[in-house]
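Here the structure comes first, spelled out in C-alpha cells, and everything after it is commentary.
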Amino acid sequence: MKDVKVARAISESSTTSDNTSDFIEIVKKYDVVYNNHNPDYKNVEVKLKVWTQIADEIGLSVEASKRKWKNLRDSYTKYLRSFRVGTKTSKKYQYWAHADHMDFLKPFQGPGRNSANGNGKSNDEDDTECDFGYQVLAKAGQQWRRG
C-alpha cells in the first residue's frame, strides 16, 4: 500500500514544461499564496481553500501542488541568486526555463527572506549597513577637516 502512495507522488510531481507553465499561471491568479502583503497570507483556512482550487484546476492533489510550488519558488530564488556577484549559486540557474513565467514574484522576494549568513539579515543588508557606516564616517571626516 505504501508503494501506491510513492508511485502517485512521483507521477504527480513529474510534469511537462507546458504543464508547469500552466501551473504557474494558475498560481499567479491567487496572490494569497505568494503575496506576503495580502491580509490573508497567514490565514491557514483561506490558503487551504485556495490550494484546493489550484489543485482542482491543474489536476494534482493539494500536497503535490504545494510541493510543486515550493520547488518552483526555490528554483526561482536560486535563479535570482545566480546573478549576484560573489555567490556560490550555480551558473546553471541563469538559464532556468521558467524564469520569465516567475518574474511576477520579484517584488515578493525581499532581502532577508533566505538569509545566507545566519543572523537574520541578507548579505545585501550587511552591505547596505557597511555603506551607511562608511557614509557616516566620511561625513564626520569632512566636518572634522573643516572645523
Working only within region 1-33, note down all residues that are assigned to a loop (DSSP other than H, G, I, E, B), surrounded by 12 or more Cβ atoms within 10 Å (Cβ to Cβ) and either outside the structural domain of ASP103 (by TED's automatic domain parsing) or at pLDDT 95 or above (or both). TYR30
Going by the conditions given, is LEU48 part of a helix (DSSP H, G or I) and modelled with pLDDT under 95? no
Near pairs, Cβ below 8 angstrom, 6+ apart or cross-chain, from region 93-109 (touching a residue at least 60 places away in the same chain (Cβ under 8 Å)) to any residue that is assigned to a helix (DSSP H, G or I) and of a type in the set (Gly, Ala, Ser): ALA97/SER17; HIS98/SER17; HIS98/SER21; HIS98/SER75; HIS101/SER21
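The values are calculated or read from the model by the stated rules, or taken from the named source; none is laboratory data. If you're wondering where the values come from, they're calculated on a predicted model, not measured in any experiment. With ideal geometry, Cβ positions are generated from the backbone for all residues, glycine too; neighbour counts draw on all protein chains shown.
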